[in-house]
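What follows is one structure encoded as structure tokens, with my remarks underneath.
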Amino acid sequence: GADITVTGHTDTRGSTSDNDALSMRRAQEIKQLLVGRGFPSDHIEAMGRGERELATPTADEVVEPRNRRVVIVVR
């Protein structure tokens, strides 16, 4: 029984609220993919961080594909 955290991220293009929603959708999609592969749903937490934790720091409204990601942590 591992616990899994799936965290979605975005770049800085768009509004904070739109990026929060987008990052959550990304995390939810990966969670559903994992559940479809047999991982128990109640052991997976999905969350969105929007543009709060950039992998590559940029100014606002900058398109940076490396910031558009999902991080999966298994504990």
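The values are calculated or read from the model by the stated rules, or taken from the named source; none is laboratory data. Being a predicted model, the structure only gives us computed values, none of them experimental. Reconstructed Cβ throughout: ideal geometry from the backbone, glycine too, with neighbour counts over all protein chains shown. The protein model used for the area step is the full one, side chains on, heavy atoms only, and it has no ligands, DNA or RNA in it. Shrake-Rupley method; radii C 1.70, N 1.55, O 1.52, S 1.80 Å.
Computed quantities for the displayed model
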quantity: Sites Phe39 and Arg66 - FRET efficiency at Förster radius 25 Å, r taken between beta-carbons, to 0.05; calculated: 0.40
quantity: The chain, accessible surface, carbon-and-sulfur percent (1.4 angstrom probe); calculated: 52
quantity: Selected from Gly36, Gly48, Gly14 as most flexible by GNM, with the chain as the system and alpha-carbon contacts under 10 Å; calculated: Gly36
quantity: FRET efficiency estimate (nearest 0.05) - Cβ-Cβ, Thr56 to Gln28, R0 25 angstrom; calculated: 0.55
quantity: Share, in percent, of DSSP beta bridges within the chain that are antiparallel, nearest 5; calculated: 50
quantity: Sequence-separation-based contact order of the chain, relative, with Cα cut under 8 Å and 6+ spacing, percent; calculated: 50
quantity: Amide H contacts under 5 Å for Glu51, placed H, 5+ residues apart; calculated: Thr10
quantity: Net charge of Cβ neighbours under 14 Å - reference Arg49; Lys, Arg +1; Asp, Glu -1; calculated: -1
quantity: The range 32-66: GluC sites (Glu not before Pro) falling in loop per DSSP and having at most 15 other Cβ within 10 Å; calculated: Glu53, Glu61
